[in-house]
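S.K.: Pasting a structure below so you can have a look.
Rule-based calculations on the coordinates, nothing more; no lab input. Small disclaimer: the values here were computed from a predicted structure and weren't measured. Cβ placement follows ideal geometry from the backbone for every residue including glycine, while neighbour counts extend to all protein chains displayed.
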Amino acid sequence: MRKILAIAAKELQNYFHSPFAYVILIAVLSIFNLFFFIILDQNQEATLRDIFKVMEFLFVFIVPILTMKLLAEEKLVGTLEFLQTTPTTNKEIILGKYLGSLILFSSLLVLTLAYYGILAFFGRPDFMASLSGYLGLWLEGALFITIGLLASSWTRNQVLAAVSSYVILFFLYFSISFIKYFSGSLEGVIRYLGTWSHMENLSAGIITTADLVYYLSGIALFLSLTRVSLKPKNVSLKNNISVVLFISLWILCWAAVNFTAYTYNQRWDLTKFKTHTLSSSTKEILQNLPKDVKMTAFTVGIPPKYLEDLLSEYELHSQGKITTEIVDPLVQLSYAAEFGTVVNSRESKAIVQSGAERKDIDFTEVPLSESQLSNAIIQVTRKPRHIYFLTGHGEYNIGERKETGLSIFAQLLSANNAQARDIALGIQGSIPQDCDLLVVAGPKNFLTPQEEDLIREYLRKGGDAFFLIEHTLVTTEDKPLSDEELKKNPSLNNILNEWGVNIADDVVVDLTSHAGDDVGCPATRNYLPHKALLKDLDYTFYIRPRSISIVKDRRSRIKVVPFVLTASDEKASWGETNRTLQIKFDEGLDRPGPVPISSVVLELKEETDSSDTRLIVFTDADFLTNAYINHYTNAQMGLNIVGWLTEMETQVLIPSKPVEVERLDLTSQQKKYIAIILFGLLFLIAAIGFVVRLKK
């Protein structure tokens, strides 16, 4: 190890005791500074991704200049042969030379950390994504140096060594340009061999085992080939065969290691907002796409990085069924006109298409989100469901935006390709033929006999329904309920009894598990095991629900099972029959816990019938109102129920949080300060070089 460090120190001394290192550092950093300032001025985002791309591209031209004389010059002046006659081994010579060049390259990267400092001072860059990008640059530089070292070992001519390095590096970097001419496995091989795709991941804040193995195994391979190249030449056939076998074995090992890493690739998203991590619901939708989808995003100027990342994730997880593109409508006017829309410089729009179906999304004011794209995919690839909400009896309204309305629930349904509509049976006189689900959301008053008959007939013919029964009214002993109040919030037992369900006139309480301080708002996750209904569910809570019992005298084909029950047993939860707020368990009167507050009803039809009948009954409607739907997992419960009742082909999706774009809106004065800092960095390097020169 001591000899390796001594050789590395000698290389660094050769670099820094001559103008070569300082000229290279100043020239390269000047180019980096120029591009950094231009990118910062145009993009106005607190990210280093674009400057990372520029640096990666320039390293293709810079590294061969740093490495061309490492071994070629030693060969030319005869010092390599002298070193080989000393106790120093070829391995130590190679590692020493490599370490010296790597330290010089690393010092260049360290100087560019000023870019992150500038972004951190004026904005809020993503630290982990920036760290991942710098790791990628360092690994790529370390790989490029080994290639330059190998090329320098082939010849005494430094120019020829540099040209040889350029040939190899150009192939590795620009191979991505030839992918379009290949397909299948060959396309995958060329993509993997190229450095561009690996650096693209790391600069975006993604670390994968395949990328790490690619760089580290490549470094080991080229160092081993350099060691073979420095061995004394022996013309014997036996020696040549052994060299060929050694090289072949190394290449095979390299291929096997990389194939394993690619096959069992692990992926970590280091970005602050998990930009490269789609939800499990979206992944499920993409894996089960029934047909191809095309996404076109129209945005003027340089597209924001989050948009490129988001669209790339959809392509990655769709297994080739989704294609994406980002178009500047002011540059590609004729192409934008084909979409029948005009996007001006103040608009941003995404168009999702599948066959003849199309969904437009405007993301001018807020960034485009995963939920918007996933919901659009559902709408263009799936047959829409029609859900009718009963009105005319004081039910909760899907158009009401106040706390007592169901507008948020209706929006969630719409986002999942389920069209929510009102239906007044007393006026329309029938349930539409396209009704996939009838929702009775907490009627305050009784239905007419004619309306009840219409619902009975709808259910008997295989219709599906979601009943939300409101709680009984409670009072105090000094304020007895009037006859009119006793008639409020009907149980609808005259309909539900036929389907094996009976709603009690009590109030379910839970002394142990409840929301807030109200024991009449039981919180639970005590559910009937059912994959579709329970997906992604945790706790839900309900406002003064009633207890449900099963009617024994029902048709034999009707299956009724409890769905949601209170979390506590009979000592802590029960159905309280006293409606004067005197909460006390009365054995023989009150129903002991765990108390069912929801039931699932299924009648399997015969072969001659059109479909099965599915019912889900809840003894509370408040949990889906605007006031409570976003608490606990109430919204997921409602969406799961609708998904099962309407037999949706995909799992419904809850909208995700919007993407936050770290903007960097700099004033002209701030840009001047940045220019001074960048210029000062160059002056500092020149000053250090001048001082070192004077001392020498």
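S.K.: Under the Kirkwood approximation for Rh and a Cα-based Rg, what ratio Rg/Rh is obtained for segment 383-439?
M.R.: Values: Rg = 11.4 Å, Rh = 11.7 Å.
In segment 383-439, Rg relative to Rh is 0.97.
S.K.: Let me ask something else about it. Mind checking the full-extension length gain between E452 and D536? Use 0.36 nm per residue of separation minus the Cα-Cα distance, one decimal, nm.
M.R.: Numbers: separation 84, 0.36 × 84 = 30.24 nm, distance 3.49 nm.
Net length gain for the segment: 26.7 nm.
S.K.: Here's a follow-up. Pairing the Cα long axis of helix 90-111 with the longest principal axis of the chain, what angle in degrees results, from 0 to 90 and rounded to the nearest 10?
M.R.: Here the helix axis deviates by roughly 60 degrees.
S.K.: When a/c reaches 1.5 or more, the comparison of a/b and b/c decides; with that in mind, is segment 90-137 rounded, prolate or oblate per its Cα gyration tensor? Intermediate values should be presented prior to the final figure.
M.R.: Numbers: a/c = 7.09, a/b = 2.83, b/c = 2.50.
Prolate, since a/c reaches 1.5 and a/b exceeds b/c.
S.K.: Output wanted: per-residue J couplings in Hz (rounded whole) for segment 312-319, from phi through Karplus 6.51 cos²θ - 1.76 cosθ + 1.60, θ = phi - 60°, x for Gly and Pro.
M.R.: Each residue's phi maps through the Karplus curve to give 5, 5, 5, 5, 4, 8, 8, 6 Hz.
S.K.: Step through the residues of segment 132-141 one at a time and calculate ³J(HN,Hα) from phi using the Karplus curve (6.51 cos²θ - 1.76 cosθ + 1.60, θ = phi - 60°), rounding each to whole Hz and writing x for Gly and Pro.
M.R.: 4, x, 5, 4, x, 4, 5, 5, 5, x
S.K.: Same structure, new question: Which of the residue pairs K283/K349; K321/K531; K3/K272; K383/K552 have a Cα-Cα distance greater than 32 Å in the structure shown?
M.R.: Numbers: K283/K349 23 Å; K321/K531 27 Å; K3/K272 43 Å; K383/K552 38 Å.
Result: K3/K272; K383/K552 exceed 32 Å.
S.K.: Additional query: Is the C-alpha gyration tensor of segment 384-645 telling us rounded, prolate or oblate? Criteria: a/c under 1.5 is rounded; beyond that, a/b larger than b/c is prolate, otherwise oblate. If you can, show how the numbers build up before the last one.
M.R.: Numbers: a/c = 1.39, a/b = 1.38, b/c = 1.00.
Verdict is rounded for segment 384-645.
S.K.: In segment 146-259, what is the volume of the convex hull around the alpha carbon atoms, normalised per residue and reported in Å³?
M.R.: Values: hull volume 14.5 nm³, N = 114.
Hull volume over Cα atoms, normalised by residue count, gives 127 Å³.
S.K.: Between N397 and residues 5 or more places away or on another chain, which pairs have amide H atoms under 5 Å apart, with H built 1.01 Å from N, and which residues are they?
M.R.: Answer set, sorted by chain and number: L406.
S.K.: Right, here's the next one. Pop out the Kirkwood hydrodynamic radius of segment 52-137 from its pairwise C-alpha distances, inverse of mean 1/r, in Å to one decimal. Show your work: numbers first, answer last.
M.R.: On the way: mean 1/r = 0.0644 Å⁻¹.
Taking every pair of different Cα atoms in segment 52-137, averaging 1/r and inverting gives 15.5 Å.
S.K.: Roughly how many debye, to the nearest 20, is the charge dipole of segment 280-378 about its Cα centre, given +1 on each Lys and Arg Cβ, -1 on each Asp and Glu Cβ, and no other charges? Could you put the intermediate results ahead of the total?
M.R.: Working: 9 positive and 15 negative charges, 35 e Å.
Magnitude of the dipole: close to 160 debye.
S.K.: State the volume of the convex hull built on the alpha-carbon positions of segment 480-594, expressed per residue in Å³ and rounded to an integer. Write out the running numbers ahead of the final one.
M.R.: Details: hull volume 15.3 nm³, N = 115.
In segment 480-594, the Cα convex hull volume per residue is 133 Å³.
S.K.: By a straight-distance test (C-alpha under 13 Å), which aspartates and glutamates pair with K559 as possible cross-link partners, with residues fewer than eight away in the same chain excluded?
M.R.: Within reach: E498, E603, D612.
S.K.: Right, another one. Treating each Cα of the chain as an identical point scatterer and ignoring solvent, apply the Debye formula and state log10 I(q)/I(0) at q = 0.06 Å⁻¹.
M.R.: -0.55
S.K.: Then there's this: Based on the alpha carbon coordinates of segment 458-532, what radius of gyration and maximum Cα-Cα distance (Dmax) apply, in Å?
M.R.: Rg, Dmax (Cα atoms, Å): 16.2, 48.
S.K.: A further question follows. Say R0 is 56 Å: what FRET efficiency, to the nearest 0.05, do A255 and V366 get from their beta-carbon distance?
M.R.: Working: r = 47 Å, r/R0 = 0.83.
Here the calculated transfer efficiency is 0.75.
S.K.: Give a residue-ordered list of calculated ³J(HN,Hα) values for segment 114-130 (Karplus: 6.51 cos²θ - 1.76 cosθ + 1.60, θ = phi - 60°; whole Hz; x for Gly, Pro).
M.R.: Result, rounded to whole Hz: 4, 5, 5, x, 5, 5, 5, 6, 9, x, 10, x, 7, 5, 5, 5, 5.
S.K.: Where Rh is the Kirkwood radius over the Cα pairs of segment 409-511, the temperature 25 °C and the viscosity 0.890 mPa s, what D in µm²/s does Stokes-Einstein return? Kindly include the intermediate steps, with their values, before the conclusion.
M.R.: Details: Rh = 15.8 Å.
In µm²/s, the coefficient rounds to 155.
S.K.: Which angle between 0 and 90 degrees, to the nearest 10, do you get for helix 449-460 versus the longest principal axis of the chain when only C-alpha atoms count?
M.R.: Relative to the chain, helix 449-460 is tipped by roughly 50 degrees.
S.K.: Follow-up question, since we're still on this one. Set the bar at 24 Å for Cα to Cα. Now go through K359/K535; K75/K231; K291/K605; K53/K97 and name every pair that lies beyond it. Don't jump to the answer; show the numbers that get you there.
M.R.: Numbers: K359/K535 27 Å; K75/K231 13 Å; K291/K605 31 Å; K53/K97 27 Å.
Beyond 24 Å between Cα atoms: K359/K535; K291/K605; K53/K97.
S.K.: Here is a follow-up. Using only the alpha-carbon atoms, how far is helix 19-43 inclined from the longest principal axis of the chain? Give it as 0 to 90 degrees, nearest 10.
M.R.: The two axes meet at around 30 degrees.
S.K.: Largest first and to the nearest Å, give the Cα extent of segment 1-153 along each principal axis.
M.R.: 58, 26, 24
S.K.: For a paramagnetic label modelled at 7 Å from the Cα of V551 toward its Cβ, which residues of segment 466-494 fall within the zone defined by backbone nitrogen distances under 13 Å?
M.R.: Under cut-off, by backbone N: 491-494.
S.K.: For E576, which sequence-distant residues (separation of 5 or more, or a different chain) have an amide H within less than 5 Å of its own amide H, given hydrogens modelled in the peptide plane?
M.R.: V507, V508, V509
S.K.: Then there is this: Could you sort 51-57, 576-582 so that the peptide with the highest average Cβ count within 10 Å comes first and the rest follow in order? Present the calculation step by step, with values, prior to reporting the outcome.
M.R.: Values: 51-57: 20.9, 576-582: 15.6.
With the highest mean Cβ count within 10 Å placed first, the list reads 51-57, 576-582.
S.K.: To check my understanding: the extent here is largest minus smallest coordinate of the Cα atoms along each principal axis. What are those three numbers for segment 1-56, in Å, largest first?
M.R.: 48, 26, 14
S.K.: Determine the calculated [θ] at 222 nm for the chain from helices alone, applying -39500 (n - 2.57) to every DSSP H run no shorter than 4 residues and normalising by the residue count; nearest 500 deg cm²/dmol. Can you show the working numbers first?
M.R.: Details: 25 runs with 330 residues, N = 696.
Dividing the helical sum by the residues of the chain leaves -15000 deg cm²/dmol.
S.K.: So, one more: Amide H to amide H, which residues 5 or more places from K605 or on other chains are under 5 Å from it, using H placed in the peptide plane?
M.R.: D612, T613
S.K.: Another question, then. At 20 °C and 1.002 mPa s, grab the translational diffusion coefficient of segment 280-378 from Stokes-Einstein with a Kirkwood Rh over Cα pairs, rounded to a whole number in µm² per second. Present the calculation step by step, with values, prior to reporting the outcome.
M.R.: Working: Rh = 13.7 Å.
In µm²/s, the coefficient is 156.
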